[in-house]
Structures are given as C-alpha cells and as structure tokens.
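I have placed the structure first, in the form of structure tokens, so that the comments after it can refer back to it.
The values are calculated or read from the model by the stated rules, or taken from the named source; none is laboratory data. As the structure is a computational prediction, the values presented were derived from the model and not from experiment. Here Cβ is always computed from backbone atoms with ideal geometry, including for glycine, and neighbour counts include all displayed protein chains. Areas reflect the complete protein model, heavy atoms only, side chains present, ligands, DNA and RNA absent. Shrake-Rupley method; radii C 1.70, N 1.55, O 1.52, S 1.80 Å.
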Amino acid sequence: MRKRITATLLAAMMAISTAACGGQGQTQSSGGNDTIVIGSVQWNGVFSPFFYDSSYDAAVFSLAQETVLETNASNELIDNLGHIDEEVVGKGDNQKTIYTIKLNDGIKFSDGSDVTIDDLIFTYKVLADPNYDGMDTFRTTVNIEGMNEYYYDDPNYSEKLDEVNKQAEEYSKDKEKFIEYLVDTKCEDMFTEVGQDPDGEDGPLTSWTDYLKDKGFEISEADAKDEAKLLKAIAECEYETNKDSYDALSYYEEKLSKDLVADGLSDGVDVTDISGIEKVDDLTCKVTVNGVDMNALRTLGLEPVVPSAYYGEGFEKGNLEGVKDKNGKPMGTGPYVFVSNKDNVVKMEANENYWGGAPKTKYVAFQVVESDQMADGIINGDIDIATPPASTETVEKMDNAGVHYDLFDNNGYSYAAISAKRIPDKKVREGLMHLMTREQAISTYYGKLAEVIERPMTTILPEYPQDAEEYWGYDPEKALECFKEAGYEQKNGKLVKNGKQLVVEVGVSDASTSPVTPIFTQMKNDMEKMGAKLNITDVNFSILLNRVNSDDIDMWTMGWGNSQHCDLTQLFGSEYTKNGGSNRTWIKDKKLDQLLEEVRATLDVEKRKELVAEELDLIMSWATYMPLFQRKNMMAYSSNINLDTLPKEQSMFYNYVNEIEKLELNQ
C-alpha cells in the first residue's frame, strides 16, 4: 500500500528484494521493542516530494505520503489510493488520451481531513508552476493539454515563445550580447575574484593580468584592480579566443523564457487552471494528454497525493514559498506521521487512522549510519533494517553472523560523469574516457555481486541493448593522442596548453571505501605519467551533490536508482541542463532530444528497443558519461524483525516499505 520513490540521485542504494538467506542471532536494536530503526546515509532534510534531491530524503517522506497507483513486484502498475482508466480517442495529429482518475472514498490524511481530488490537482499544479525549481519532470514529461498555456500564463504563448527563441538566436550571434552573457555569468564561473590565481597552484600564470597577457591582451594596473573592468576585459578576451567553448544561445533561451514567464504573471494571473485537467466530482478528475505517451499513466499515477490545505497555505500561482516552508515536515495519507528530525535521527509515529490499518509497530526511526558501518550495525543490533553495500566481504560477514538478508539485481547503476560545461573540449573528455579501466576494480570489490555495463541504463529493463559492446576502452596511448588533438603538448614533464597544465578534479563520496576509487587511482597514475593531474576529492555525498548541482566540479561518480522505465529525458534532455534539472553533464543535442521524444511516443517494445539502442550510442559519443557497473543490492534485517511479517513477494519495485504497516518486531 505504498508509493514508489521517483528516479533520484543515489550515492549507493535504495529499494529492496528477493532471495532470502541467513539465519538469526540474538540482538536487540537501539530503538527498543516499539521502534523499527532503519539505517540511512545522511539526508539533506528536504522531506518534500516536490523539492527533494536525495533518495535518503525520499525514503522519509515515502512513509508519510502515497500515490494513486503503485508498482507490484513485477513493476506493473496496480491500484493504491484509487484507480485510473485510460482511453485513446481520435487519430493522427488529433489523437489524444484521456485518463479518468478516481480516488477511493473514505481516505483521510494523517491530520484527519478528507482526501479529495483537489489534493491531487494541487500536486499537479505545483509541479506545473512557472516558478517550480525542483527536479520532478512532470510538466515536460507528459504533454497535458493546456500545460504550456498555464506555465506561461498566456493563451497565446506559442507566438511569443517563437519570438523569444528567435531573439535568443540573434543575441547569441551578437558580439555585444555575447560579452554581456560572459560578464553576467562571470565567464561561466571561471572568474571568482580579482586576486584569483587563474591557473591554480600548479599553473604558471599567477594573476588575471598574466592570463590576459598570455592571450595577447593588455590591461592597466588600475583596471586590473577594478572587478567590473577586469571582468569585462576577461569576457572580451574569452570572446575573441575561446568563444566556441561557451553557450550563449542556451543562456538567452533560458533568460528570455524566464522573462516571458515573469511578464505573464506581472499583470496578475490570467490562466488559473490547466485546461486538460478537469475536476469531475470530489473524487474524480479527467486528464487529457495530447497523443500517446508510454509514460503518461505511470507519471499521473505515481505523483503524491498531498493535503492542499497544508502545503497550499498561502499558495498562489507563481509563489511556492509556502510549499517550500513545509520541506522539513511532510504530511500525507501514509502509515506513519513525521515527528522530528534531530541529532541525525528522524522519528516517525504510527498513523492510527491509516486507511490500510493501524501499523503494527508504534514508531519508525531513520538513523544516520555510514554505509561501511551498516553491516556491523545490523549484526550488533544497533539498527534493524539497512542496505549495506553488497560486497563479498559483507556477504561472508553476514553469513558468519547468521543474519537474514535479501539479494537482488539493482534497478539502477553507478556511473562516472564529466561536465561538458566545465570541460567543453570533447577531445579532452574522450581522453579521460580512455583512462577508465573498470573490470578489475569492480570484480575485485564485488566478485559476482556486480557486473560492468556498457550503456547508461539498468540492464533489468527490456530495452537495454544486451549486445552492447565497450564504447571507449582503456587505452592510455589513445588518451594521450586525444589530449594532443585538443592542443595539449608535453613540455618539461607537464602536459600543457597555452602554458596551462591539464588538471581535472573528480569527486568521490566515501572514497576510502568506494569500489570505484581504484578506477580513478589508475587514471591519476596514468595522467601523472603524461604530465597531467587528476585530483581525487573525497567528499560527503550531500556536499558532492550540491557541487554537482552547482556545476562546481569537473567530474564525479554517483548512481541512478529506482529506474522503472527507459525514458532518459530527465538525465539527457537539453531542457534539463537548466538550473534545477538533472542533466548536469550538459549534453545538448537536438538529435538526441528527438530520439528521446520518439521513445516516449513508441508503445511497441521491439521498435522502442531499436530507438533506445540508437540514443544510448549517441549519449556515449558525447564522452560525458561512463557507465561503471550494476550491482546486486543487499537488504539486511536484524533478529529483532519478525520475518514472517515481510511481504511474501519482494523485488526492487516492491518491498517492506510497501507494507511497512504490517511489519512487526519480535517481542
């Protein structure tokens, strides 16, 4: 009776599954006999289905909130808070799909108020709001009739949007406007301050004056101390010498589009509703989608039903501050009610009025535990449920301790990514790709518990190309060749271009225990032999996530989890390079955007497989994304858990969370 957690950035795990093993020891969790203690990596405290950016935050609010539909163990959609009927009408360009959403009668939120269809429509409106800046792709994922009119607050938005795009293209070709963009973005954050060393500690250039002089530009001593004049000089220099490394078109498209949105709301709200979302009665609405979309039913059915009276306090179109004020305290129809977030513990209490039956266990506590301590926490009884990294060492430790655990194929994968915004030269990125040797690192750490994959998609989906071959391949000589093609040369033991050494930073969370660290250690050694540098930054996951979202790091390794379909728009669509989007590698490819759209509109699985294979190859060609491995997940339970109360059938799509109200502790 639980909801799914949408695709989110992961450091390591989520979801739970099959294949029971192990026995029982005698332990007692630190939560006592009325509290299930769940081990978790540090969350960010954004327990909102609208604005969360970590699966660890999502795990918290998923116990308090639910959706109309949910997935069963086979990833099939089933009824939860209600039912959805689907009807295709019309043909050709006039084809539409009508979804009739009917909520069950008698369901209440945890505060005792009745659930109505207005609450679901409120969710849709928040996600469609002109100023929504979370990671949910609801507005653009499904082509709901009237969505753009609502977003731009203008029934005639299309004509104005065409004008905006035309103007953006003109601006991108105008020297003065291009330099204006460079100044406004501080040359895409290359410039930070007057006294900055533009080369860093390792480069030969020690000041911006040196930098400009090296590129044939002069600046007076007085102007070099004036931030505005210095920045203007750097922008003019970059325009003349490095223009192709910048993207003025996207900047102006986004800026002018935001201006269009702001203009639409400046004279008040003109479009108050989404015409394609029609309320029928207190429990029913109809949603009209243009065309046919493989994602529509899943998207409409798996968004949360939240109390509009709570989240919508003070809400008006264009102002989501009231919604954000509730980020730290989720509320919904779920089996547990949020109580507190203090001292690295989130405490939740049973919702006694839960429509699925009052939970058997009074409390649930999420306890921060470092991933490398989770196995010991389960064995020692400090925590009751956790997802320790499934290494051969961990499996052996669990078996020796007689701990019960489940293993399953992860519905996600780990990857290394490169920002094309920070490393715009494709040849440099190709060189880095040729320096990643994956097989030895992964097999050493995981044994048979993980496999190297060749495309950025979980292999459990039917569209994954099972015959995919290695795209780049580990080849240091080829890497050096790529660097040289990018203009670098080896001088005095250093690989330099215009006197500047090639230096790249990669962020790794928990690098001391991460299975991918050896990949970057080998890369670091290879680059040092060439005269380049790779700085491996061991960083907390939350900090790394913030740096990635701020485009503040060259390269990083993370994971994607809870993949339920093959639509990769959120990860690689050009639209999602914008602030708040998930395309932090900055792939912007019109052909790829077209393929992504075709995949979504293709219901035939075999045809969709062909399109997905083509789009995955195109993604790989950008040299920004290296899939590393797909592992098996482990879900471990202390002896405090009554195993007979776990779901009888589990998978990566359906697990104890879906029936947590039935989960009992041994007394």
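Given the pairs 173/427; 177/500; 279/590; 160/243; 225/484; 421/590, which are separated by over 27 angstrom at their Cα positions?
In this structure, 177/500; 279/590; 160/243; 225/484 lie more than 27 Å apart at Cα.
May I ask you to derive the relative contact order of region 428-529, considering only C-alpha pairs under 8 Å and at least 6 residues apart, and to give it as an integer percent?
37
Between residue 469 and residue 87, how high is the FRET efficiency from 1/(1 + (r/R0)^6) when r is the Cβ-Cβ distance and R₀ = 45 Å? Nearest 0.05.
For residue 469 and residue 87, the calculated efficiency is 0.60.
What is the sum of charges around residue 79, taking Lys and Arg as +1, Asp and Glu as -1, for the other residues whose C-beta is under 12 Å from the C-beta of residue 79?
Values: positive: 102; negative: 66, 70, 76, 85.
Spelling it out: positives minus negatives among the neighbours equals -3.
Would you mind pulling out the separation of the Cα centroids of region 540-573 and region 338-399, in Å?
If we compute the Cα centre of each part, the gap is 25 Å.
State the three equivalent ellipsoid semi-axes of region 550-639, derived from the C-alpha gyration tensor as the square roots of 5 times its eigenvalues, in descending order and whole Å.
Each semi-axis is √(5λ); the values are 25, 20, 12 Å.
How big is the chain on each of its three principal axes, counting only the C-alpha atoms and giving the largest first in Å?
Cα spread of the chain along its principal axes, largest to smallest: 76, 64, 50 Å.
List the lysines whose alpha-carbon lies under 21 Å from that of residue 360, not counting same-chain residues fewer than 8 positions away?
Of all the lysines, those that pass the test against residue 360 - Cα under 21 Å, at least 8 places apart if same chain - are 3, 108, 347, 648, 662.
Given contacts defined as C-alpha pairs under 8 Å and at least six residues apart, what's the relative contact order of the chain, whole-number percent?
Result for the chain is 24 percent.
Solvent-accessible area of residue 578, probe 1.4 Å, all protein chains present, reported in Å² to the nearest ten, please.
Rounded to the nearest 10, that gives 60 Å².
Only bridges with both residues in the chain count here: give the DSSP antiparallel percent, nearest 5.
80
If we count every other residue with Cβ under 10 angstrom of residue 549's Cβ, Lys/Arg +1 and Asp/Glu -1, where does the sum land?
Combined, the nearby Lys, Arg, Asp and Glu give -1.
So, taking all protein chains as they sit and a 1.4 Å probe, how much accessible area belongs to residue 391, in Å² rounded to tens?
10
Ordering 502, 265 by how much accessible area each has at a 1.4 Å probe, largest first, what is the list?
Listed by decreasing accessible area, they come as 265, 502.
To the nearest 20 debye, what is the magnitude of the charge dipole of the chain about its Cα centre, counting +1 on the Cβ of each Lys and Arg and -1 on the Cβ of each Asp and Glu?
Taking the Cα centre of the chain as origin, the dipole is about 1260 debye.
On the protein heavy atoms, probe 1.4 angstrom, tell me the percent of accessible surface of region 381-448 carried by carbon and sulfur.
The value for region 381-448 is 44 percent carbon and sulfur by accessible area.
Where the accessible area of region 530-583 is counted over protein heavy atoms with a 1.4 Å probe, how much of it, in %, is carbon and sulfur?
Here carbon and sulfur together make up 45 percent of the probe-accessible area.
Considering every pair of different Cα atoms, what Kirkwood radius, in Å, is found for region 149-281?
Working: mean 1/r = 0.0571 Å⁻¹.
Taking every pair of different Cα atoms in region 149-281, averaging 1/r and inverting gives 17.5 Å.
Where the centroid of each part is defined by its Cα atoms, how far is region 440-466 from region 105-164 in Å?
So the separation of the two Cα centres works out to 37 Å.
So with the 1.4 Å probe, I'd like the accessible area per residue for the chain, rounded to whole Å². Display every interim value, and only then the final one.
On the way: 27640 Å² over 667 residues.
Accessible surface, normalised per residue, equals 41 Å².
Quickly rank 57-70, 515-528 as a protection proxy: mean count of other C-beta atoms within 10 Å, highest first.
Answer by packing, highest mean first, reads 57-70, 515-528.
Which parts of region 461-475 would a label at residue 76 reach, counting a residue when its backbone N lies under 15 Å from a point 7 Å out along Cα-to-Cβ?
none
With a 1.4 Å probe and every protein chain left in place, tell me how much accessible area residue 263 has, in Å² to the nearest 10.
100
List the relative contact order of region 113-157 as a percent without decimals, with contacts defined as Cα pairs under 8 Å and 6+ residues apart.
Computed over region 113-157, the figure is 30 percent.
Straight-line reach only, C-alpha to C-alpha below 22 angstrom: list the lysines that residue 397 could link to, leaving out same-chain residues fewer than 8 apart.
The reachable lysines, counting only those whose Cα sits under 22 Å from residue 397, are 448, 632.
Thinking of region 139-181 as a set of Cα atoms, what percent of all their pairs are more than 12 Å apart?
It works out to 66 percent of all Cα pairs.
Please report the net charge: other residues with Cβ closer than 9 Å to the Cβ of residue 596, K and R +1, D and E -1.
Overall, the nearby charge balance is -4.
Helix-only mean residue ellipticity at 222 nm, the chain, DSSP H runs n ≥ 4 weighted -39,500 (n - 2.57), per residue, nearest 500. What is it? Mind showing how you got there, number by number?
Working: 24 runs with 218 residues, N = 667.
Roughly -9500 deg cm²/dmol at 222 nm, from the helical runs in the chain.
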